[in-house]
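The values are calculated or read from the model by the stated rules, or taken from the named source; none is laboratory data. In this text the structure is predicted, and so the values were computed from the model without any measurement. Neighbour counts are summed over all protein chains in view; Cβ atoms, including those assigned to glycine, are modelled from backbone coordinates with ideal geometry. Areas reflect the complete protein model, heavy atoms only, side chains present, ligands, DNA and RNA absent. Shrake-Rupley method; radii C 1.70, N 1.55, O 1.52, S 1.80 Å.
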Amino acid sequence: AAAIRVRVSQPALSRELKDFEGRLGVMLFERLPRGMRLTEPGKVLHTYSARLFAVADSAQAAMRDFADARAGQLSMGASNTIGTYVLPRFVAQFRTLFPQVGISLFVGNTGQVAQGVADLRFTVGFVEGPVRVEGVVAEEFSRDELIPVVGAQHPLARRRRANPADINGLPLLMREPGSGTRELIGELLQQLDVQTGSIVEFGNTEALKQAAIHGGGIAWLPSISVVRDLQDGSLVRLPVRALGLQRPLSILRREGAYQVPAVEAFLQRVRKG
């Protein structure tokens, strides 16, 4: 099947693969009675090759943009809140103005987005948390508030007043390790000397919100994501001002990288809000 895809004969492809393994000094594939599978060295090489092809695609897209600022590819990465609640509106507007520009948007955590910008897999990134990746610069374009919430049936939901010590040992709902949001919350709880209880991890904001609504524990959620839930009473904000967080929303770019016209046009709209 691989030979057909690259339009060479099967013996020729097998010979090239054998020569390639010989040059590397490792086996990339394990031959099975029915097919083949990657060895551990093969899996590692596959990861690097995926990055190489992504960089090659980005390079081709950049060259196309030189020829026509209204064409090309806009490859973006965004952390959860921005990718879910902020960017979709701008993407829709941009598509109306620049219908020939291809757009791809990866949504992950801050660490994944920052590394993707550093590796040139994303032309630009958007994150909510702190960034510590060499060669990546951040530009704040807005701010967001993280608020502590619980479901309507949670014991703290009926409290008019509370203090940070009241959540000592209570179950917490958090994003996965590598999330900028989780890092900020962890630092805050440490500063307030709060004793964390059991932690349940979630990979995205919507799952975290649903768990809080159904009584799973205390969650810190972006204010933009819970407006309706607070209005209809399915979520209640904890009356503890010290547990709230302000965080910057930032644009990430690789230091010194050329920015194609399509990217700049998109960023102008994001900055204006």
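Some points to look at:
- Calculated over the chain, the projected area of the Cα convex hull averaged across directions stands at 19.8 nm².
- Degrees separating the helix 261-272 axis from the principal Cα axis of the chain, which is the longest one: 0
- Overall Cα dimensions of segment 165-273, principal axis frame, Å, largest first: 51, 32, 25
- Antiparallel %, DSSP beta bridges [both residues in segment 1-115], to 5: 35
- Values of log10 I(q)/I(0) for segment 101-144 across q = 0.24, 0.26, 0.27 Å⁻¹ run -0.88, -1.01, -1.07, by the Debye formula with one identical scatterer at each alpha carbon and no solvent.
- Straightening the chain between Gln231 and Lys43 buys 62.8 nm, computed as 0.36 nm per residue apart minus the Cα-Cα spacing.
- The Cα atoms of segment 170-216 give a gyration tensor whose axes a ≥ b ≥ c have a/c of 1.5 or more with a/b no greater than b/c, which makes the shape oblate.
- Stretch gain in nm, segment Gln190-Phe53, where the contour uses 0.36 nm per residue and the Cα spacing is subtracted: 45.1 nm
- Other residues lying with their Cβ under 14 Å from the Cβ of Ile185 contribute a combined charge of -4, Lys and Arg counting +1, Asp and Glu -1.
- Over the chain, dividing the summed -39,500 (n - 2.57) contributions of all DSSP H runs of at least 4 residues by the number of residues returns a 222 nm mean residue ellipticity of -12000 deg cm²/dmol.
- Summarising the label geometry, the points placed 7 Å from Cα in the beta-carbon direction at Asp119 and Ala92 lie 3.2 nm from one another.
- Note on segment 74-205: the C-alpha convex hull projects to 10.0 nm² when averaged across all orientations.
- Rounded to whole numbers, the Karplus 3J(HN,Hα) couplings from phi for segment 90-103 are 5, 4, 4, 5, 5, 5, 5, 7, 10, x, 8, 7, x, 10 Hz, using 6.51 cos²θ - 1.76 cosθ + 1.60 with θ = phi - 60°, and x at Gly and Pro.
- Value of D in µm² per second that Stokes-Einstein yields for segment 107-183, Kirkwood Rh from Cα pairs, at 37 °C (0.692 mPa s): 216
- Shown is the FRET efficiency for Arg15 and Ile103, computed with R0 = 41 Å from the Cβ-Cβ distance and rounded to the nearest 0.05: 0.50.
- Antiparallel DSSP beta bridges within the chain, as percent of all bridges there, nearest 5: 60
- With Cα atoms as the point set, the radius of gyration and Dmax of segment 70-136 evaluate to 12.1, 35 Å.
- Of all accessible heavy-atom area on the chain, the percent that carbon and sulfur account for (1.4 Å): 53
- Our summary of shape: the Cα atoms of segment 1-123 have principal axis extents of 52, 32, 26 Å, ordered from largest down, in whole angstrom.
- HN-Hα J in Hz across segment 195-201 - Karplus 6.51, -1.76, 1.60, θ = phi - 60°, x for Gly and Pro: 8, 6, x, 5, 10, 10, 9
- Protein heavy-atom accessible surface, 1.4 Å probe, per residue over the chain: 56 Å².
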